[in-house]
Structure formats: structure tokens, C-alpha cells
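The values are calculated or read from the model by the stated rules, or taken from the named source; none is laboratory data. Everything numeric in this text was worked out from a predicted model, so none of it was measured. Positions of Cβ are generated from backbone atoms using ideal geometry, with glycine treated the same way; all protein chains shown enter the neighbour counts. Heads up: the accessible areas ignore ligands, DNA and RNA and are worked out on the full protein's heavy atoms, side chains in. Shrake-Rupley method; radii C 1.70, N 1.55, O 1.52, S 1.80 Å.
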Amino acid sequence: MSKKKMILHAATQLFSKKGFKETSMAELSRATGAAEGTIFYHYKNKEDILLSVLDDIKEGMINEFEQYLAENKFESGLDMMEGIITFYLYLAGKREEWFLLLHRNYPYKLAEVNEVCRGHLEALYNCLADIFERAVLTGQQDGSIGDIPARKAALIIFSMVDGIVRFKTYNLYDAGALYTELIASCRRMLRHK
């Protein structure tokens, strides 16, 4: 792993667990074994590291979903949606640091004043919404999903699934206990009338 990638990996871990503001460059230096000067050689400042982390998370999620969708065949768009929901929940456990970071407040506060950060967050969430929308459109083509606004349905389902992940992130509720009801609710919402 390159030094730049090591810095990014350590920053993701620290920002997700401690928070962006609470993570010092000295801690990042200790975590990577790289001198602060080396870190600043690769990144302009701590904010630049956060922006790179967000971009890395987006690329990682896209790659994970593309691989999942390429390796799995679905009988219908409705089944594809169930698979996407299941995989999103799986990914939230597998790459917990991504979701911990995305569920922190700081990136969104930064996005209010930093267009690049806003662009990274919008790109990430648009990619995720696109994945959910692909299942809706597939289902509408094969008749397993009714005639509903595809993007809106995708956003509602994505919001529900991500909300359940937030329960898990903040240890508020056993998200797994909601799985069966989540799938049943989504099927009822999407099923062809």
C-alpha cells in the first residue's frame, strides 16, 4: 500500500471514530508512521484529506456495488431491489468506518461552505440513489414493480435503508431485527398493483 493510501486509510479510521475536528495531524502521523511533512506533501491540509476520504468512500461503494451486481442475477427488478437493500446493510457492517464517517455531522457542515465537499457528497448519494433507481426501472420493465416515479421511490427506499443503518451506527436499535419488515414494506410499496 502506498504512503498516500496509508494516510487515507488511517484518516478514514480516525475521522470515523473520533470525528474530523477531534483528530489531530499528530495522531494521523502516529497512525501512519509518516511525518506530518510527508502527510502535507500528499495533501494540502486536513480538509483536503477529508475530501479525498469522501471521494475514496464513493469510489469504494461504487466498486462494491458494481461487483455485487455483476456477480448476481435476479429474477426481477423487485428481487434486485431486495438484493440491493440486503447488500447495502451487509456493506454497512463490512465497511463500518465509511458509514460512521458519513453519519457524522462535520462533512455536511463543511459542505455548506465548501463546494468541493458538497460535490463529493452529492456525487456519492446520487450514485447510491442511481443503484436503487436501477432496480426500480428494471422492475418496471419486467412488470414486477408498478408505475411509480422511479427516482422518488428509489430515494424513499434508500432513506429507509440508510435510516436503519443509522440505528446500527448509533447503537440505538438492533437493525437486523427490522430486516424482514423492511423488505416486506418495500415489496408492498413497489409491487405492481
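At-a-glance table
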read-out: Close pairs from region 166-193: first without any contact (Cβ under 8 Å) to a residue 12 or more places away in the chain, partner open to solvent by less than 70 Å² (accessible area, probe 1.4 Å), Cβ under 6 Å, at least 6 apart; value: Phe167/Ala175
read-out: Condition broken by Phe99, with the remaining ones in (1) open to solvent by less than 50 Å² (accessible area, probe 1.4 Å); (2) among the aromatic types (Phe, Trp, Tyr); (3) assigned to a loop (DSSP other than H, G, I, E, B) satisfied; value: (3)
read-out: Filter result for Thr38 (of a type in the set (Ser, Thr, Tyr), over 13 Å from the mean Cα position of the chain (by Cα) and farther than 21 Å from Leu155 by Cβ); value: yes
read-out: Breaking point among (1) in a helix (DSSP H, G or I); (2) out of contact with any Asp or Glu (no Cβ under 9 Å at 6 or more places or on another chain); (3) open to solvent by 50 Å² or more (accessible area, probe 1.4 Å); (4) over 29 Å from Gln141 (Cα atoms), for Lys21; value: (1)
read-out: Subset of region 97-129 that is in contact with a helix residue (DSSP H, G or I) (Cβ under 8 Å, 6 or more places away or on another chain) and among the acidic types (Asp, Glu) - its residue that is nearest to Ala10 (Cα to Cα); value: Glu97
read-out: Per-region count, region 148-165, residues free of Cβ contacts under 8 Å to residues at least 12 places away in the same chain and open to solvent by 80 Å² or more (accessible area, probe 1.4 Å); value: 2
